[in-house]
Structures are given as structure tokens and as C-alpha cells.
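Trainee: Here it is, the structure, as C-alpha cells.
A short reminder: the numbers here are calculations on the coordinates, not readings from a lab. Only a predicted model underlies this, so the values are computations on that prediction, with no experimental measurement involved. All Cβ positions, glycine included, derive from the backbone under ideal geometry; neighbour counts span all protein chains shown.
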């Protein structure tokens, strides 16, 4: 056997790689192939849902002789992808709008009022939340409502029972009082105060429950400088100091899940994904975790909804096929809901009023039936505008809250700082 | 005296070296331990009596199995390798010629041109991806490996040019001049005298270019859509991070397997690489 020198090894490897790689040069772009509907969708929190929707698309493809391909991308990367496609006027026929509202992309999305009217007629209409998210300034639907992610409370029943609150905290103040007792026992509660979704969602829920808001119903008048927002800020600071640990200042979206999964957390504000993960990994702990409505405050019970909808791009060459697919997908909502293990909260009134598979059948998940009644999205009580989205995307309010909670600013400075930032953003769009 | 020397060696050499080695290798060790740790242990409380954060008593290959069976990871690995090799070769070729020209040829604004080339390397890809997407669409390269093979050189060529320009400047001009006196053309002197001497620099530039291509994320995310066309950084993030759920075991298995080719490239050319970085030919 002859010894292979390094030079020979490199030459042989390079030659072999070249031969194997050659076919890549002749692969035709997929977009130039047969008639197809290409969908840009998020990577669903529940892997089984992606499998279901891929299989669903394949079945529809076979039946209608139109190839449907779903490209799954993490939700945080979707806006960049849509922006690039709009700039180049090419790409996917259908794009999923994850939490960004429809107004922002409306110029690039076709009017789908006719399809939404048809779906509304079949399924008892869309909820106001869906209308708010999917209609644009012209009063028409430019995206087809899909579902929203509710934001309930997840609590450790065993721990809350020990302090005499077996059903968990029903109000924000009960959360503060009970949370302080549990923190003293080594089981803090967790609401993020950092740059991630859950933080900004929880803060909005707290602010709205105290009667505060960033903007008025007209969607233009900034209302952040108010007595109610001050009360919400004071409450948040007390909650942080009494019931949480400073780790929440450096959290990401997975951190509160980890707190609960570690057995160290007494309560978190999160969709049921955290519970579902623990269920698969630690049955004993999952049995102790219960789900409740998001807490209520002096102004009532309001929580934040991350909404999802499908838009059909104006540059799509297959708009009719795209519409037909979306109609079939919406008609099959119950199957989709089952595949998502109860995660996809409905926008259609028929489904929203229940009963629904999985959550109506499981006593632990039953509180989720009420989710459509008290969830709102950015810009509340006004419309879901581009300005509201920018305030949300730039973490303006959560930055203000974090600075106040860590004593870097006093109450008045915090309100002024937040108000200036919010006004600067809104002034760009008015 | 001997005792003092030994003491000094420990303080100034062994202890700092140990800290450096631990600091450098710990992330790999952590990746490895997480990749072989069963899920039940991954999410166990740090305060649990049975918790063993730095090792596992029940190692498993399940995460590797899931990664290879439930995702198209081998395909991502191949895509990444092919794209990284092709874009590195293109960039090295262009960088070699440009670097040589800027280091050796005398023409107006040569110095400024060299600086400008480096400045283009500093333009963030987040600013460039939209105009580049337009070009990709015009050439109908979307969702093909060529979209990346042809866009990666936009940041690799400036980088290679700058690095090689510096390296060529360290090679004495006299060597080339001797060759010219002996009858070699400029091109002949360049390819027969200068390039062989510059091999450490060329390999350093190649290794860096390969690593930058291997790890690139934003262009790969924007220009490729199909799951089977993705590269490792995008594929792993797309499939194994689902909102607030991180599949840590598989993520770390993917990161570990994904880092092996880069580690191999480094180890294979380590002596050239070190020479390339520490300077080259003495005049």
C-alpha cells in the first residue's frame, strides 16, 4: 500500500468534490419550474403542526394539480425575508404575517376582502381582533386571519396551595402578594424585562389591565403620559422587587419556560408551549402546573395576543390558486387546531365560541376557551397600525419599564422618556 | 534558583496556559455534554440533588439520531461545504490577483484603493441583502447554491485582498527582481516566485474565508428557502428553535457536527496558518 502525501490527498479530495458538486451548476431555480404556490410560513412552536400542514398541502396539491410548497422559517427572521421579497418583487405567493400586523406590508399584499367575506359567511364571522389585525387603513382585508397565540398564566398549583391560593392568582395584585411569599421560599415568579416577545406582551397586559395605553382609540393620540400608566409602572416595580429576581433583566423568550421547567418557578406569563414542553420531558412536574386566565387588574382582564395571518403577494403569478388554498386551510381549522395541540387560538367566531377539541376536553386547559374574549393586540385600544408595530418592535416601553424597575430613572423621568420615544415614532406616520 | 524558576514558570506559563485552554475548549465540552445529555437531565433544576451540570451519568446518542433522522442535517452539511469551498476558491483567486496588484504595482491611488477595498468589507450584510436580493432575482439564482456562491465573495474578496496585500508587502521585492533579471515575465515571477512563498498567507486567507462562509447566516436565510437547500446555520435555527422552545440536545449536536469540518481545516493547515499570521519572509 502506497503512502498518500498531503499534496495527493488534497488534489484527490478537490477533484472528487468537483465531480460531486458539478450537478449543482445545472440545477434550475425552483421558482422557474412547474406551476406552484410557494408559502413562507413560520416554524410552528409545535413540530407536529408543521408535519400536519406539510401533509395537508401535499394532499391539496395532488387533488388540484398545483404544487404547494411551504418554506418554514423562524418567526423572527420572517420580516427580513418579506422585506427582501417585496424589494425584489419576487418570491413567495403567500407570506405569513407573524405578529407584525398587515398595514406594514399592505402595499405589497393583494386585497382579499372577497375571500374573507366568503369565509366569514361560512364560519360565523371573524372576531374583532382578527379584523383589527388583518384590515388596513382602507377598511379592507389584506390578509386572511389564521389564529392568535393567547397569553395565559401558568402556575405551580402545589406551591400556590401551600400559601392558601390553590387556584393561583386571579388578579395582578394577588400575583404580587403571593409571588412575594413564594419568592421567600425560593420560588420566584417570572416576567421578562428584556428585549424579547414575552416581555413586551406581559407589559402591555399589565398596562391595559391598569387602564393605561400608549395610544388612544383613534390610533394617533399618544396617551402614554397618564395616571394609569404611572400606576402600572409602580405596580410593575413592586412586582419585580417583591416577587422576581434580577435574572429577568437578561431573559429571552425561552427563559421563563426554563424557569418553570427547572422546578424553581412559581408562575410565568406565557402561551401553553412551556407547559407542553414540560409535559413531554417531566410528567411529574407537568402534573403540578396548571393554566389560568391571564390576571385581571383594576380596569379588567386584558391580555396580549400575537396574531398570525396569511397575505397573498401582489407579484404572485398564482393568486387564484393561493386564495383557493387559503380557503381550504381556513375551512380545516379544527384539524389544524388539533394538530397544534390547542395552541392556535381561533379567529373565526364559530370556533372561538367553542367547544374546541383538546382544550375543551381537558379540565386543565379549559380556561383557554375564554381566550378570544379578552385578548388584544398592539395599538390597543386603537387599530393595529405601523406606528404601534414600531413601538412594539423597538421595545420602547419595556426599556422604560426596565429602567424604572432598576432605579435608573424615577417615575416622571420614565414616563417622559417613554412618551418622547413613542411620540417620535407616531409622528413619522401621522 | 531552581525553585524560583519553577515558581515563575507556573505563574507565567502553566496557569495562564491552562486558563486559556479551559476557556477555549469549554464551549466545545459544553456542546458535547449537552448533546449527549438526556432531555430529562437538560431541564432538571440546578438545585436538584441529582443534578450534575458538568457531566452526565446517562449519556445518550438520541439527539444525534434525531438530528440525522428527523431533519435533513446531512444535506445541510453538504450544502454548506460545497458553498463554502466554491466561494472561498473564487475569493482567493480574485484576492490573490488584487492583493498582488495593490502591493506591487505602482499606479495612482493604489494606497487609497487598498483602504477602500477594506472599507467595503466593513459594510454590514444587513444593509446589503436587499440590493443583493434584487441582483439574485435578475439572474434567476434564487433558492440555488449559486445565490450564495456569488454573493459571499462580496465580503470575502475585500477580506482576502486586504490580508494578502499585507502579506505580499512582507516578501522582499528583490526576489522578484532577481527573477525578472533572469528573464521571467511579471506574471511568471508572480506565479513561480511570489505565490509559492506566499502559501502560508494564502492558506490563512483561505481558512478565514472558508470559516466566514461556513458561518454566514443572513444571506443564506434570505436567498434560500427550501429546507433541502439550507445551510447548517440556517437549517439548525429553522428546525430546532421554535419560538420559545429550544431543542437544546439536537442544537448542540448540530453545532458540534457543524464545527468538525472547520476544526479539521484548521488542524490540517495549522503550521501554515500560524506562519501566515505571524509574518513570513525575512528580508
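Trainee: Along each principal axis of its Cα atoms, how long is the stretch B:99-203 end to end? Whole angstroms, biggest number first, please.
Mentor: 51, 27, 24
Trainee: Any chance you could run the full-extension gain for residue B:226 through residue B:6? It's 0.36 nm times the residue separation minus the Cα-Cα distance, nm to one decimal.
Mentor: Here the segment from residue B:226 to residue B:6 would lengthen by 73.2 nm.
Trainee: Which value in Å is the Kirkwood Rh of the stretch A:87-211 over different Cα pairs?
Mentor: Computed over the stretch A:87-211, the radius equals 18.0 Å.
Trainee: Just to be sure I understand: with springs between alpha-carbon atoms less than 10 Å apart, which residue in A:139, A:311, A:192 has the highest mean-square fluctuation in the Gaussian network model of chain A?
Mentor: Highest fluctuation of the listed residues: A:139.
Trainee: May I ask you to order B:54-66, A:391-403 by the average number of other C-beta atoms within 10 Å around their residues, highest value first?
Mentor: A:391-403, B:54-66
Trainee: Just the projected area, averaged over all directions, of the convex hull on the alpha carbon atoms of chain B: how many nm²?
Mentor: If I average the Cα hull's projected area over directions, I get 22.5 nm².
Trainee: So, one more: Subtracting the Cα-Cα distance from 0.36 nm times the residue separation, let me have the gained length for residue B:135 to residue B:182 in nm, one decimal.
Mentor: Details: separation 47, 0.36 × 47 = 16.92 nm, distance 4.71 nm.
Value of the extension gain: 12.2 nm.
Trainee: Tilt of helix A:227-243 relative to the longest C-alpha principal axis of chain A, in degrees (0 to 90, nearest 10)?
Mentor: So the inclination is approximately 90 degrees.
Trainee: Given the options A:163, A:312, A:191, state which has the largest fluctuation in a GNM of chain A using a 10 Å cut-off (strictly under) for Cα springs.
Mentor: Judging by the Gaussian network model, the answer is A:163.
Trainee: Which of B:12, A:155, A:49 comes first, and how do the rest follow, when ranked by fewest Cβ neighbours within 10 Å? It would help to have the intermediate numbers written out before the result.
Mentor: Values: B:12 10, A:155 27, A:49 20.
Listing B:12, A:155, A:49 from fewest to most nearby Cβ atoms yields B:12, A:49, A:155.
Trainee: Got a sec? Which residues in the stretch A:98-135 would a label at residue A:394 touch, if it sits 7 Å along Cα→Cβ and we count backbone N under 18 Å?
Mentor: The answer is A:100-101, A:104-105.
Trainee: Taking the Cβ of each residue in B:29, A:376 as the centre, tally the other Cβ atoms inside 10 Å and list the residues starting with the fewest.
Mentor: Lowest count first: B:29, A:376.
Trainee: Calculate how large, on average over all directions, the projected area of the Cα convex hull of the stretch B:2-60 is; give the answer in nm² to one decimal.
Mentor: Mean shadow area of the hull around the Cα atoms is 5.8 nm².
Trainee: Roughly how many nanometres apart are two label points built 7 Å out from the Cα toward the Cβ at residue B:15 and residue B:217?
Mentor: 3.7 nm
Trainee: Still on this structure, please answer the following. Going out from 0 in 5 Å bins, what whole percent of all Cα-Cα distances in the stretch A:120-181 drops into each bin?
Mentor: 3, 14, 19, 12, 6, 7, 10, 12, 10, 5, 1
Trainee: How big is the Kirkwood radius of the stretch B:1-116, worked out from every pair of different alpha carbons and given in Å to one decimal?
Mentor: 20.4 Å
Trainee: Once the Cα atoms of helix B:110-121 and of chain B are each reduced to a long axis, what angle between those two axes, in degrees from 0 to 90 to the nearest 10, is obtained?
Mentor: Rounded to the nearest ten degrees, it is 10.
Trainee: Whole angstrom only: what separates the Cα centroid of the stretch A:193-263 from the Cα centroid of the stretch A:286-360?
Mentor: Rounded to whole Å, the Cα centres lie 24 Å apart.
Trainee: Right, next: What nm distance separates the two modelled labels at residue B:127 and residue A:55, each placed 7 Å from Cα along Cα→Cβ?
Mentor: Result: 4.9 nm between the two label points.
Trainee: While we're looking at this one, here's another question. Compute the FRET efficiency between residue A:218 and residue B:106 as 1/(1 + (r/R0)^6), taking r as their Cβ-Cβ distance and R0 = 56 Å, and round to the nearest 0.05.
Mentor: Calculated value: 0.25.
Trainee: Could I ask something else about it? With the crude spin-label approximation of a point 7 Å out along Cα→Cβ, what separation in nm comes out for residue A:350 versus residue A:117?
Mentor: Calculated label separation equals 1.9 nm.
Trainee: Hey, another quick one. Taking 20 °C and 1.002 mPa s as the conditions, I'd like the Stokes-Einstein D for the protein assembly as shown in µm²/s, using the Kirkwood hydrodynamic radius from alpha carbon pairs.
Mentor: The calculation lands on 75 µm²/s.
Trainee: In cubic angstrom, how much convex hull volume per residue do the alpha carbon atoms of the stretch A:171-237 span?
Mentor: 95 Å³
Trainee: Within 10 Å of each Cβ in peptide B:84-96, how many partner chain Cβ atoms are there on average? Round it to a whole number, please.
Mentor: Across the residues of B:84-96, the mean count of other-chain Cβ atoms within 10 Å is 1.
Trainee: What ranking do B:185-195, A:98-108 get when scored by the average of other Cβ atoms within 10 Å per residue, highest first?
Mentor: A:98-108, B:185-195
Trainee: Springs between alpha-carbon pairs under 10 angstrom, Gaussian network model over chain A: which of A:350, A:277, A:62 fluctuates most?
Mentor: Fluctuation is largest for A:62.
Trainee: Using the number of other C-beta atoms within 10 angstrom as an exposure proxy, rank A:73, B:123, B:33 with the fewest first.
Mentor: By the 10 Å Cβ count, ascending, the order reads B:123, B:33, A:73.
Trainee: Peptides B:68-76, A:195-203, B:197-205: what's the order by average Cβ count within 10 Å, highest mean first?
Mentor: Order by mean packing, descending: A:195-203, B:197-205, B:68-76.
Trainee: Further question on the same structure: Within 10 Å of each Cβ in peptide A:260-269, how many partner chain Cβ atoms are there on average? Round it to a whole number, please.
Mentor: Shielding by partners across A:260-269 averages 2.
Trainee: Just need log10 I(q)/I(0) for the stretch A:144-256 at q = 0.09, 0.13, 0.19 Å⁻¹, Debye formula, equal scatterers on the alpha-carbon atoms, no solvent, rounded to two decimals.
Mentor: Summing over Cα pairs of the stretch A:144-256 leads to -0.28, -0.56, -1.08.
Trainee: Further, regarding this structure: Helix B:248-268: angle to the longest alpha-carbon principal axis of chain B, degrees 0 to 90, nearest 10?
Mentor: So the helix axis and the longest Cα principal axis differ by about 30 degrees.
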